[in-house]
Amino acid sequence: MTTRRTAFLCFLFAVSITGVSGVQAQSLIGDVLCGTKEDIHTKLTRQFGAVKTGAGLRGPEAVMEIWTNPKSGDWTLVQTYVEGNSCIVAMGEYWEDLVPTDTPETAG
């Protein structure tokens, strides 16, 4: 996917999430887009064809999630908070799943 298309998708997402949650995005990519966990997850699944492919704790109050579209290679990094809100903190393209070749004991 081209950078221009990524920017356009970010714009569409910002416009659509503004109507749903009342959050106002001021630029296409420079601002973090936030909403309820359900709204963000629904948008990622229905509009972008993304599936949650990984998650990890960022601390006692937040989880980082990686959402990817297996067909296009687009990816989205989402931070979800314990109070129920989620924020898209990064988006990109050409996601590649990696299979570890070393065990922790042999990694260098």
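The values are calculated or read from the model by the stated rules, or taken from the named source; none is laboratory data. Please read these numbers as outputs of a predicted model, since none were measured by experiment. Cβ sites come from the backbone with ideal geometry, for glycine too, and all protein chains shown count toward neighbours.
Quick notes on this structure:
- Residues in region 59-94 that are under 11 Å from Phe48 (Cα atoms), assigned to a strand (DSSP E or B) and either in contact with a Pro (Cβ under 9 Å, 6 or more places away or on another chain) or among the polar types (S, T, N, Q) (or both): Thr68, Thr76.
- Residue in region 56-108 that is modelled with the lowest pLDDT, counting only those that are of a type in the set (Phe, Trp, Tyr) and surrounded by 12 or more Cβ atoms within 10 Å (Cβ to Cβ): Trp95
- Figure legend. Inter-residue proximity from region 58-79: first residues on the phi < 0 side of the Ramachandran plot and touching a residue at least 40 places away in the same chain (Cβ under 8 Å), second residues outside any strand (DSSP E or B) and aliphatic (A, V, I, L, M), beta-carbon distance below 7 Å, spacing 6+ or different chains. Indicated pairs: Ser72/Met1; Asp74/Met1.
- Check on Ala25, aliphatic (A, V, I, L, M) and either modelled with pLDDT of 95 or more or part of a strand (DSSP E or B) (or both): no
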